[in-house]
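One structure is given below, encoded as structure tokens.
The values are calculated or read from the model by the stated rules, or taken from the named source; none is laboratory data. Here the structure is a predicted model, which means the values were calculated and not measured. With ideal geometry, Cβ positions are generated from the backbone for all residues, glycine too; neighbour counts draw on all protein chains shown.
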């Protein structure tokens with residue numbers, strides 16, 4: 001942990017390297033548990049900032065070459081890379097950092113108990129802002145993290161906090177299930193919601209209205225009325241069609257389990 005803190009104090013700029021540090025800190029939290037209370041004040045601001053990284057990379061034509069961090073420049077051959085490719089490479093790296101930061105917060109909520117309590121609200125509010133991110137992998141990990149935060153509240157015995165949080169996230173989850181175009185995101189969300197309900201039980205349903213919304217959403221999933229279920233298979237009898245068929249089966253299975 002001392003190494004991780006030392007590195008972060010040097011304010012690294014390489015997203016891949018930052019991802020490795022976040023991953024290591026999350027793994028260590030599973031060992032030291034509530035002793036992370038002395039570490040959180042030194043790292044939380046940086047991790048929260050990573051969660052909110054924008055995916056809008058400035059156009060290279062209007063950005064001086066010196067604006068590209070040196071650590072990243074070493075990995076990208078600027079002399080042999082056009083502006084569009086460079087923007088894309090940078091965007092992908094920053095999204096990886098964003099995804100790893102969210103995953104690390106989820107690890108903290110799962111592993112560190114009451115030590116994470118002072119940071120739960122800020123983590124919840126921050127991750128909620130990106131739950132409909134354009135990148136499907138970030139949407140998936142954001143859903144996991146939000147459920148992890150509420151589960152942490154449940155383990156702390158904060159029933160009112162669980163109900164307030166569920167009144168926020170469950171309508172949002174219903175919206176995502178109904179409107180997200182990516183089947184894999186909806187499949188993942190239904191699976192995560194099922195595990196979440198098993199963990200939190202009846203407190204996950206703060207009102208009859210939300211229970212009705214979820215039931216109606218499950219019913220519409222089984223009846224093939226979701227946005228992602230209107231996507232046409234992209235293959236022509238090949239492997240892509242097989243994958244699409246499997247996705248549809250998983251969608252119905254997870255809805256039924258929920």
message: Can you pull out every residue in the stretch 221-243 that is at pLDDT 70 or above and under 14 Å from residue 183 (Cα atoms)?
response: 221, 222, 224, 225, 226, 227, 228, 229, 230, 231, 243
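Residues 156, 203, 193: which one is touching a helix residue (DSSP H, G or I) at 6+ places or on another chain (Cβ under 8 Å) and touching a residue at least 60 places away in the same chain (Cβ under 8 Å)? Let's see the steps before the verdict.
Numbers: 156 fails: touching a residue at least 60 places away in the same chain (Cβ under 8 Å); 203 fails: touching a residue at least 60 places away in the same chain (Cβ under 8 Å).
Just one listed residue meets the conditions, 193.
For every residue, the table says whether it meets (1) touching a strand residue (DSSP E or B) at 6+ places or on another chain (Cβ under 8 Å); (2) at pLDDT 95 or above; (3) under 14 Å from residue 146 (Cα atoms); (4) surrounded by fewer than 21 Cβ atoms within 10 Å (Cβ to Cβ).
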| residue | (1), (2), (3), (4) |
| --- | --- |
| 175 | no, yes, no, yes |
| 180 | no, yes, no, yes |
| 186 | no, yes, no, no |
| 195 | no, yes, yes, yes |
| 204 | no, no, yes, no |
| 209 | no, yes, no, yes |
| 215 | no, yes, no, yes |
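Would you confirm, using the coordinates I've provided, whether residue 47 is under 15 Å from residue 122 (Cβ atoms) and touching a helix residue (DSSP H, G or I) at 6+ places or on another chain (Cβ under 6 Å)? Walk me through how you get there before you give the answer.
Values: under 15 Å from residue 122 (Cβ atoms): yes; touching a helix residue (DSSP H, G or I) at 6+ places or on another chain (Cβ under 6 Å): yes.
When the stated conditions are applied, residue 47 passes them.
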- prompt: Scanning for something touching a helix residue (DSSP H, G or I) at 6+ places or on another chain (Cβ under 7 Å), under 15 Å from residue 36 (Cβ atoms) and surrounded by fewer than 23 Cβ atoms within 10 Å (Cβ to Cβ), does the stretch 120-136 turn up at least one residue?
  reply: yes
